[in-house]
Amino acid sequence: PRVCVVGSGPAGFYTAQHILKHHGGAQVDIYEKLPVPFGLVRFGVAPDHPEVKNVINTFTQTARSERCAYYGNVTVGRDVTVPELRQAYHAVVLCYGAEDNRVLGIPGENLSGVYSARAFVGWYNGLPENRDLKPDLSCETALILGHGNVALDIARILLSPLQLLRKTDITDSSLAALACSKVKRVWLVGRRGPLQVAFTIKELREMINLPGARAVLNPADFTGLENAVKDAPRPRKRLTELMIKTALEKPGEKPVEVQATAGEAAAPREWRLKFQRSPQEVLPTPDGRRARSVRMAVTRLEGSGDSARAIPTGDVEELECGLVLSSIGYRSLPLDPAVPFDTQRGIIPNSSGRVEGVPGLYCSGWVKRGPTGVIITTMNDSFDTAQSVLEDLQGGVLDMSPSREGFGAVESILRSRGVHPVSFSDWEKIDAAEVARGKAAGKPREKIVDPAEMLRLIGH
């Protein structure tokens, strides 16, 4: 059987790995719109979390299997359509993730100084489409809307001492911008309360222990929570207890390990968590061009636990800030008119990864279940989809006619459209060049951020 996987992030690679492992004859082709593989492992994981990127070694093993092929620089839906892929393969699995962000939907969202977390993360991680972002870091206060791990990642990058970032694979241009940054206060604002935050204890602990930055949590926000959290699941309980402990610590109890200059000792960098605030409007500077502050509705919670809803009380509050980052979630987009898509939920309607009403078409990862969870969640989810594919291959559900030639058929389509795929060994040349450039600068790699330069490097 010939199986096609669209997208080379964790969902794509784990799906391919499972099919290759459990079907001795399957041939899996992975298509990726960028020349370079690995999706959010490369472009989402924070530069100072190198250990999370170790899964790349497993993915590389999979790509080097003689029954697996990688075709980068191919945009499915444009260079080749899903119906064309379905003609060429026995099964097609869509694993293209969430390539957009949710919008706040409030006035002033498009002012200069307001960015989506997705674009900001893409900028410091070298995602080609965000390489020219040039965020304005000339203000002292940044406001991040959202209480997830991505929000904490951004706060950590904004407040980290440069000597920590210099040893990572953060892009050269974003490191230069951060070196000139004036940001020293970061507010992390959420619509709900401390019991509803979506970040995890590892990320919170990392923020609390960040050298040269202090956590300022308001003890009043945590009154009575010890009791409320008594019967909560263990992760939620430990997370809340850590916030309470941090809120009650007296300033100065935590040593400030790193002080860049003597002058900074008086005003160290700091970050704060702010709860029960829902953004209403980003207010402009007098010239009407840039963000100056955010007006927020004070909310109260209805219900409890994860299902609690934030209801505006009628009170409002304004927070001054020159940088606003909206970290309220990623969003999947429809890929091809031939594929059903639920715009409300932002997913492809499916059952165990089988796309509803389209036999032989499958989906996995964020486009299957929504943009939540970490790499291990996506791994299990992809094994589940791969299992559905294997069952259908073995159960005679799919048309197994030998006339489906896989890449052979796609190659002529791509050639006729002037599209030149990038192979995995091409990627390994790009990889080697990045690692060599990084070595010269004392970092694990220096990412190439311009696709044209990647293609020149491999003689495309």
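The values are calculated or read from the model by the stated rules, or taken from the named source; none is laboratory data. Just so it is clear, the model here is predicted, and its values are computed rather than measured. Positions of Cβ are generated from backbone atoms using ideal geometry, with glycine treated the same way; all protein chains shown enter the neighbour counts. All accessible areas refer to the heavy atoms of the entire protein, side chains included, with ligands and DNA or RNA removed. Shrake-Rupley method; radii C 1.70, N 1.55, O 1.52, S 1.80 Å.
Couple of notes before you dig in:
- Qualifying residue in the range 400-415 (condition: more than 19 Å from PHE13 (Cα to Cα), without any contact (Cβ under 8 Å) to a residue 12 or more places away in the chain and either basic (Lys, Arg) or open to solvent by less than 20 Å² (accessible area, probe 1.4 Å) (or both)): yes
- Any hit, the range 72-87, residues being closer than 19 Å to LYS21 by Cα and either in contact with a helix residue (DSSP H, G or I) (Cβ under 9 Å, 6 or more places away or on another chain) or at pLDDT below 95 (or both): no
- Here ILE19 meets each of (1) touching a residue at least 40 places away in the same chain (Cβ under 8 Å); (2) within 30 Å of MET207 (Cα to Cα); (3) not polar (S, T, N, Q) with one exception, condition (2).
- Scoring LEU165 on the criteria (1) open to solvent by less than 10 Å² (accessible area, probe 1.4 Å); (2) more than 23 Å from VAL449 (Cα to Cα) leaves a single failure, condition (2).
- Matching residues in the range 17-56 - criterion: being closer than 27 Å to GLY459 by Cα and either of a type in the set (Lys, Arg) or in contact with a strand residue (DSSP E or B) (Cβ under 7 Å, 6 or more places away or on another chain) (or both): VAL28, ASP29, ILE30, TYR31, GLU32, LYS33, LEU34, PRO35, VAL36, PRO37, ARG42
- Taking helices (runs of 4 or more DSSP H) as the structural unit, those lying wholly within the range 346-431 and holding at least 3 residues that are polar (S, T, N, Q) correspond to 375-394.
- Screening ARG272 against (1) at pLDDT below 95; (2) under 25 Å from ARG156 (Cβ atoms); (3) in contact with a strand residue (DSSP E or B) (Cβ under 8 Å, 6 or more places away or on another chain) leaves a single unmet condition, (1).
- Candidate set: the range 147-159, residues that are out of contact with any Gly (no Cβ under 6 Å at 6 or more places or on another chain) and open to solvent by 10 Å² or more (accessible area, probe 1.4 Å); chosen: the one nearest to GLY442 (Cα to Cα): ASP153
- Residue in the range 439-454 that is open to solvent by 40 Å² or more (accessible area, probe 1.4 Å), over 17 Å from SER173 (Cα atoms) and over 25 Å from the mean Cα position of the chain (by Cα) present: no
- Filter result (polar (S, T, N, Q) and assigned to a strand (DSSP E or B)) within the range 76-104: ASN101
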